[in-house]
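The values are calculated or read from the model by the stated rules, or taken from the named source; none is laboratory data. Keep in mind that this is a model prediction, so the values were computed, not measured. In this analysis, Cβ positions are derived from the backbone assuming ideal geometry, glycine residues included, and neighbour counts consider all displayed protein chains. In case anyone asks, the SASA skips ligands and DNA or RNA and just uses the protein heavy atoms, side chains included. Shrake-Rupley method; radii C 1.70, N 1.55, O 1.52, S 1.80 Å.
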Amino acid sequence: MKYVASGDEMARIDDYTINTIGIPQMVLMERAALCVFKFVSERFDRRKKVLVVVESGNNGGDGIAVARMLHEEGYKVDIYWINEIEKQSEGFKQQYNIAKKLNLNFIDEIIDYGYDVVIDGIFGVGLNRSVHGRHAEAIHIMNDLDAYKIAIDIPSGIDSYTGFILDTAFKADTTITFELMKLGMITGAGFEYSGNVIVASIGIPSNVIDHIAPRLYTYDEKDVEEKLPARKVDSHKGSYGKIGVIAGSKNMAGACMFAAESAYRMGCGLVKVCTTEENREIIQQRLPEAMLKTYDINNKASIDEAIEDIINWSDVIVIGPGLGTSDYAKEVVRQTFENYDKKIIADADALNILSENRDWLRNTNAEVIITPHLKEMSRLSDKKTGEIKENKYDIAREFAKEYNTVVVLKDSRTIVADSDVHAYVNMTGNNGMATGGSGDVLSGILAGLVGQGMDIFEAAKLGVCMHGLAGKFAAVDKGRYSMIATDIVRSITKVLEGYESYDSIDNN
């Protein structure tokens, strides 16, 4: 597990390190500068010209320290101090005084002298206001220079919490951030403007980070390996869960196919698809492994019998993909939420129906994961999509707490939240996954993990991570332009192959 920090949380970590632990601010500043210096010196020879642009805070102090280190190594370095902020931090003052005594070159304006590298040390993670005036002018000029661009800690002008551009922002090729990834660099425009991100350690003790405990965290591959449910030596198909998939409608058979096959590929034991009679032939041909229960949409007794069957049979139900929002679909959702007391993954049309019938969600006896994208979350919460995108963590957590659910709020950086203060932010996946059926695949993956006995919150986090990893394999195989949901389903196998020992397969 790796924490992801907001600007406020990182400020608290710095403050605790300096004022409680006692590591001097100048020590941290020198270490931060050394990380940037090493990056530049390892990639650019001493004939290159470097421009460092700073303001009067600690980020500017980092920048001046980088300039000094490069100057001492023989690089031609110019420093442009914008000097529009009257109050100077103590760290900046010390670095500035050192630089002046060493006769570093401060310039009065940015002129294109053929710089090869531009380093942004204007604002740090604490910026929360719009960028204008000379600061905006400087950033525009920096962006226009034909040079390799490096941001210190976070690109100036990016909100460290939302990733939004605060009117204008530096667009980096590489951002060297310190100790923890910042939330604003993995979401919104911050993801693009940060370029390649390097997380460098500057010696902040791990117990300080644990003490502050930022609200968001993510997984790495080691976490995936540790959290995957184990396969038992003495087991059978019933050991790994019976998944009911209530999905699909006339001319919408694909959605239930994606969910059902993904649950199988994720390792569940049995899947039964509950869908309209019109989908019988295609499901039996395309996924013969799945059991099937169909109903006549014009016959309430047929619907009642099918839903009763799937409720009595299954350990987990996926409901919603391709279901539609007609009267019969509403009846299917109502009966499931009122009568089922195990575990439900609600997606797509089930969410649209629930948005008009929230008491079904509030009063159900089942444990529920909901998987809305921003527009679906807008319907569920009566909040605008822009507000949700700006406050995904808070809105997901508040909804999870109010309705006693696990919320998988899907976006380019998906948030998984329950009522706890800590939530998961996903960093796997790619924009090729913005394709029809991808969400249905996720529902099946989640069901497959829950069916194998995982807690629904743990399954939601791991499932979102693995869905993104499958998307990575699909992109490598097919390309981000050409990949489709079927490619993601098939790539689940490739993800799991990396965590399996063939010796153990032979023996067990």
How many residues are among the small types (Gly, Ala, Ser), closer than 21 Å to ASP62 by Cα, in a loop (DSSP other than H, G, I, E, B) and under 16 Å from the mean Cα position of the chain (by Cα) if we restrict to region 154-194? 1
Going through region 265-284 in order, the residues found to be of a type in the set (A, V, I, L, M, F, W, C) and open to solvent by less than 40 Å² (accessible area, probe 1.4 Å) are MET266, CYS268, LEU270, VAL271, VAL273, CYS274, ILE283
Going through region 44-63 one residue at a time, which ones are open to solvent by 10 Å² or more (accessible area, probe 1.4 Å) and either in a strand (DSSP E or B) or within 17 Å of LEU145 (Cβ to Cβ) (or both)? PHE44, LYS48, LYS49
ILE150 meets each of (1) more than 30 Å from THR20 (Cα to Cα); (2) without any contact (Cβ under 8 Å) to a residue 40 or more places away in the chain; (3) crowded, with 22+ Cβ neighbours inside 10 Å with one exception, condition (2)
Count - residues of region 94-121 that are among the acidic types (Asp, Glu) and assigned to a strand (DSSP E or B): 1
I need every pair where a residue in region 22-47 that is over 17 Å from ILE64 (Cβ atoms) and in contact (Cβ under 8 Å) with a residue 40 or more places away in the chain has its Cβ under 7 Å from the Cβ of a residue that is surrounded by fewer than 19 Cβ atoms within 10 Å (Cβ to Cβ) and of a type in the set (D, E, K, R), sequence separation at least 6 or different chains. PHE44/ASP116
For region 410-435 the number of residues that are free of Cβ contacts under 8 Å to residues at least 60 places away in the same chain, out of contact with any Pro (no Cβ under 9 Å at 6 or more places or on another chain), open to solvent by 10 Å² or more (accessible area, probe 1.4 Å) and not hydroxyl-bearing (Ser, Thr, Tyr) is 7
Can you give me the number of residues within region 421-461 that are in a loop (DSSP other than H, G, I, E, B), over 18 Å from GLY254 (Cβ atoms), under 18 Å from the mean Cα position of the chain (by Cα) and not hydroxyl-bearing (Ser, Thr, Tyr)? 6
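Residue-by-condition table, conditions (1) touching a Leu at 6+ places or on another chain (Cβ under 6 Å); (2) under 12 Å from ALA260 (Cβ atoms); (3) part of a helix (DSSP H, G or I); (4) of a type in the set (Phe, Trp, Tyr):
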{"site": "GLN285", "(1), (2), (3), (4)": "no, no, yes, no"}
{"site": "PRO288", "(1), (2), (3), (4)": "no, yes, no, no"}
{"site": "ALA329", "(1), (2), (3), (4)": "yes, no, yes, no"}
{"site": "ASP341", "(1), (2), (3), (4)": "no, no, no, no"}
Determine, yes or no, whether SER443 is without any contact (Cβ under 8 Å) to a residue 24 or more places away in the chain and closer than 24 Å to GLY244 by Cα. no
For GLY91, are the conditions met, namely being closer than 29 Å to LEU180 by Cα, in a loop (DSSP other than H, G, I, E, B) and either open to solvent by less than 60 Å² (accessible area, probe 1.4 Å) or of a type outside the set (A, V, I, L, M, F, W, C) (or both)? no
List the number of the failed condition for ALA434; all other conditions in (1) farther than 12 Å from THR371 by Cα; (2) touching a Phe, Trp or Tyr at 6+ places or on another chain (Cβ under 8 Å) hold. (2)
Please enumerate the residues belonging to region 65-77 that are farther than 13 Å from LEU102 by Cα and surrounded by 19 or more Cβ atoms within 10 Å (Cβ to Cβ). VAL66, TYR75
Go through (1) part of a helix (DSSP H, G or I); (2) among the small types (Gly, Ala, Ser); (3) open to solvent by 10 Å² or more (accessible area, probe 1.4 Å) for ALA474 and report which single condition fails. (3)
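Results for (1) within 30 Å of VAL495 (Cβ to Cβ); (2) surrounded by fewer than 21 Cβ atoms within 10 Å (Cβ to Cβ); (3) among the acidic types (Asp, Glu); (4) modelled with pLDDT of 95 or more, shown as yes or no for each residue.
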position: ALA255; (1), (2), (3), (4): yes, no, no, yes
position: GLU261; (1), (2), (3), (4): yes, no, yes, yes
position: ARG286; (1), (2), (3), (4): yes, yes, no, no
position: ILE303; (1), (2), (3), (4): no, yes, no, yes
position: ILE319; (1), (2), (3), (4): yes, no, no, yes
position: GLY322; (1), (2), (3), (4): yes, no, no, yes
I'd like to check something: does region 346-363 contain any residue that is open to solvent by 10 Å² or more (accessible area, probe 1.4 Å), part of a helix (DSSP H, G or I) and closer than 25 Å to VAL421 by Cβ? yes
Do you know which residues across region 195-235 are part of a loop (DSSP other than H, G, I, E, B), open to solvent by 20 Å² or more (accessible area, probe 1.4 Å) and touching a Phe, Trp or Tyr at 6+ places or on another chain (Cβ under 7 Å)? ARG215, LEU228
Checked VAL125, VAL66 against criteria (of a type in the set (Val, Ile, Thr) and not in a helix (DSSP H, G or I)); the one match is VAL125
What single numbered condition from (1) open to solvent by 10 Å² or more (accessible area, probe 1.4 Å); (2) closer than 17 Å to GLU261 by Cβ fails to hold for ILE492? (1)
Looking at (1) part of a helix (DSSP H, G or I); (2) within 26 Å of TYR217 (Cα to Cα); (3) in contact with a helix residue (DSSP H, G or I) (Cβ under 7 Å, 6 or more places away or on another chain); (4) β-branched (Val, Ile, Thr), can you tell me which one VAL40 breaks? (2)
